[in-house]
2 protein chains.
Amino acid sequence: MLIREASESDLEEFVPLFRSIVEAGETYAYPEGLSEEEIRGLWFERPPGRTTVAVDEAGALLGSAKMGPNRPGRGSHVGTASFMVGADARGRGVGRALAEDMITWHRAQGYDGIQFNAVVETNTTAVRLWQELGFTVLATVPRAFDSRAHGRVGLHVMYLPLDGEDPT
Amino acid sequence: MLIREASESDLEEFVPLFRSIVEAGETYAYPEGLSEEEIRGLWFERPPGRTTVAVDEAGALLGSAKMGPNRPGRGSHVGTASFMVGADARGRGVGRALAEDMITWHRAQGYDGIQFNAVVETNTTAVRLWQELGFTVLATVPRAFDSRAHGRVGLHVMYLPLDGEDPT
């Protein structure tokens, strides 16, 4: 598996992955039925943000992450990120590899911390992974996500402080 | 004082109010130096959102609120809102009047709750007002706002559950 910066040519393979995850209705509050251009605008970040992809040995897309400032202006020293891993690629460490690269990038950029704004509490695989990487749940907004399988469940606000040292 | 829906003709008076509050550097993480068009895009909501203004007897702008779904798709049953009150109009109940109207609107629209994502902890007047209106602090993201006067201070995530009953 390789993690690299996303390029325009990754969009075609990413669009069906994005749509299948949104339509599954368990992890993201993006609207359904977005056009390719809208997905590009939502996921393919420009500086100061960044989008990465995980690909296999043959170059096929396994997953993607996007990251950057959580807020502009006087909030831009705290980062954020989002992740999508294709259904066929789960359980192979793709999310962890994307997330470790994401944390390294935030440290190198000098961010003060990383905030996840909306982690679905029933997405226990993701919650456990973020906790293993050092994130803690600061709060859970009750009933804030309408899960297809579970109905209205909480959204975690999660946070990882960064000490400013770049370990690379 | 009158609270009414904002119209295009309110933009000209709102722009300097927005800029002075952002440049003061104590309450909002919007970038400085935004154009009038950018301010329109950020503050003047289209349905399902809504923007209101508070005006005095002579029609002069005292403050404004914007509101709507906090997230799209499977998160759109939780609302959010932002408020700006001009420096000359503070201490006259303008923020409270805008907020009470905002809560009434969310109830009437059937929202499940209202989430404030980023209330600066040193903005104690606002924090106290939201608490008086029933909001609680779910969490404080540490150091997430770079206050001009206080340096890096926390951002509160605040929440008000709505019982679904419309009291109007």
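Taken together, the values in this text are just the output of simple stated rules run on the coordinates, not laboratory data. Given the structure is predicted, the values throughout are model-derived calculations rather than measurements. Cβ sites come from the backbone with ideal geometry, for glycine too, and all protein chains shown count toward neighbours.
Tabulated results
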item: Relative exposure of A:His150, A:His77, A:His156, judged by other C-beta atoms within 10 Å (fewest first); result: A:His150, A:His77, A:His156
item: Computed over the protein assembly as shown, Cα set: Rg, Dmax in Å; result: 20.7, 70
item: Using a Förster distance of 30 Å, the FRET efficiency for A:Glu12-B:Asp163 (Cβ separation, nearest 0.05); result: 0.05
item: Difference of contour (0.36 nm per residue) and Cα-Cα distance, B:Gln131 to B:Glu57; result: 23.8 nm
item: A:Ser64, B:Ser147, A:Ser20, A:Ser9 arranged by Cβ crowding within 10 Å, fewest neighbours leading; result: A:Ser9, A:Ser20, B:Ser147, A:Ser64
item: For B:Thr80, residues with placed amide H under 5 Å, excluding near neighbours; result: B:Gly68, B:Asn70, B:Gln115
item: Spatial separation of Cα centroids for the range A:91-168 and the range B:67-133, in angstrom; result: 26 Å
item: Additional length obtainable on full extension of the chain from A:Arg152 to A:Arg19, 0.36 nm per residue less Cα span; result: 45.8 nm
item: Calculated from backbone phi, Karplus (6.51, -1.76, 1.60) coupling profile of the range A:126-140 in Hz, x at Gly/Pro; result: 5, 4, 5, 4, 4, 5, 5, 8, x, 5, 10, 7, 7, 6, 10
item: Tensor-based shape of the range B:2-161 (alpha-carbon gyration tensor, a/c under 1.5 rounded, otherwise prolate or oblate); result: rounded
item: MRE, 222 nm, helices only [DSSP H, n ≥ 4, -39500 (n - 2.57), over chain A, to nearest 500]; result: -8500 deg cm²/dmol
item: Estimated FRET transfer efficiency (A:Leu2, A:Thr104; beta-carbon r; R0 25 Å; 0.05); result: 0.95
